[in-house]
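A.B. asks: Here it is: the structure, laid out below.
The numbers here are math on the coordinates, done by the rules we state, and not lab data. Computed from a prediction, not measured in an experiment: that's the story for all the values here. Here the Cβ positions follow ideal geometry from the backbone for every residue, glycine too, while neighbour counts run over all protein chains shown.
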């Protein structure tokens, strides 16, 4: 295949952008010269790069494109909302409608808030857990990916020791290590953040054991810590009502993003009623977080996922 336009664009990018292309789409994460660096368009399951090469996208844009590129119903909903404007001084009614939809679809959810990226709300969820419990410490699985904030980034640049002073990790599926952390930091643990299955940034995915899931839930209940589900990658892809339903437990908080709006930028955190007051005390805002178009896209996407039973088709 010819990638000359991609390579030319990358040389231009390297002159004005650190790394040329940063993050998970960097050529350093692939085989340089063997894949395209820049996309041009997409439709359905296919996308076209800047050299005109056409690919079937089994990765779904690294996750968001659960219905395929340029889904007509989703784009119609987003475009209709976009005609009304963007980034108003106040939210639109779509904020309320989307929160209502999520609380109706997700069995433990009594409230919802919205942002743009998964990391916005995984980080905020830790703050809510700390506000609820008035405790400092968070437990997480070693190597788990929860975003690029200092407490969880898989990178090393720019970090200082205090960034993770109250973050304690343990090996995936290791019940004994988890029990030991709860015992060692008794009365200090605000929450445990998990993913439905282990999908680290630079390693193979692993499924949880039944014992691990059951004990994680039990230990949180016994110690008064919040169980936080990072469902950013898996939510509405494995089930229509949140991935927790596959494992038979109900988290205190859960975060959704990638499949929520079929590529439109929005994330959501839902939670239980007892934590609603504490959540209202943890400041959360963003200049573009009330944009109606992604919310309209999310409403359409959720309807299609449920109507067409998309998780069953994906699996």
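A.B. asks: Using Cβ contacts closer than 10 Å as the measure, can you line up 98, 194 from fewest to most?
C.D. replies: 98, 194
A.B. asks: Still on this structure, please answer the following. Where both partners of a DSSP beta bridge lie in the chain, what percent of those bridges are antiparallel, to the nearest 5?
C.D. replies: Values: 18 of 33 bridges.
Close to 55 percent.
A.B. asks: Would you mind ranking 310, 56 so that the residue whose beta carbon has the fewest other beta carbons within 10 Å leads the list? Mind dumping the intermediate values first?
C.D. replies: Numbers: 310 19, 56 9.
Neighbour counts put them in this order, fewest first: 56, 310.
A.B. asks: Would you mind calculating the relative contact order of segment 72-314 from Cα pairs under 8 angstrom and at least 6 residues apart, reporting the percent as a whole number? Intermediate results must be reported in sequence, preceding the final value.
C.D. replies: Details: 440 pairs, mean separation 76.1, N = 243.
Over segment 72-314, the number comes to 31 percent.
A.B. asks: Can you tell me how much longer the chain between residue 160 and residue 180 gets when fully stretched, taken as 0.36 nm per residue apart minus their C-alpha distance, in nm with one decimal?
C.D. replies: Fully extending the segment from residue 160 to residue 180 adds 4.6 nm.
A.B. asks: Angle between the Cα long axis of helix 292-307 and the longest principal axis of the chain, 0 to 90 degrees, nearest 10?
C.D. replies: Approximately 80 degrees, to the nearest 10.
A.B. asks: When only Cα pairs under 8 Å and 6 or more residues apart are kept, what is the percent relative contact order across segment 4-56? It would help to have the intermediate numbers written out before the result.
C.D. replies: Details: 53 pairs, mean separation 15.6, N = 53.
Taking the mean separation of contacting Cα pairs over the length of segment 4-56, I get 30 percent.
A.B. asks: If packing is taken as the average number of other Cβ atoms within 10 Å across a peptide's residues, how do 9-19, 122-132, 179-189 rank, most packed first?
C.D. replies: 122-132, 179-189, 9-19
A.B. asks: Using the count of nearby Cβ atoms within 10 Å as a rough guide to exposure, how do 232, 35, 54 rank from fewest to most?
C.D. replies: 54, 35, 232
A.B. asks: Same structure again: Which angle from 0 to 90°, rounded to the nearest 10, does the C-alpha axis of helix 210-223 make with the longest principal axis of the chain?
C.D. replies: The angle comes out near 50 degrees.
A.B. asks: So, in nm, how far is label residue 211 from label residue 100 when the simple model puts each one 7 Å beyond its Cα toward the Cβ?
C.D. replies: 4.7
A.B. asks: Still on this structure: FRET efficiency for residue 17 and residue 307, Cβ-Cβ distance as r, R0 = 30 Å, nearest 0.05?
C.D. replies: The computed FRET efficiency comes out at 0.15.
A.B. asks: Mind giving me the nanometre distance, one decimal, between the label points for residue 285 and residue 204, set 7 Å out from Cα along Cα→Cβ?
C.D. replies: Distance between label points: 4.8 nm.
A.B. asks: Let me ask you something else. Can you tell me how much longer the chain between residue 56 and residue 84 gets when fully stretched, taken as 0.36 nm per residue apart minus their C-alpha distance, in nm with one decimal?
C.D. replies: Additional length available on full extension: 6.7 nm.
A.B. asks: Just to be sure I understand the model, the point goes 7 Å from the Cα along the line to the Cβ. What's the resulting residue 25 to residue 93 distance in nm?
C.D. replies: 3.5
A.B. asks: When you count, for each residue, the other Cβ atoms within 10 Å and take the mean per peptide, how do 238-246, 62-70 rank with the highest first?
C.D. replies: Averaged packing, sorted descending, gives the order 238-246, 62-70.
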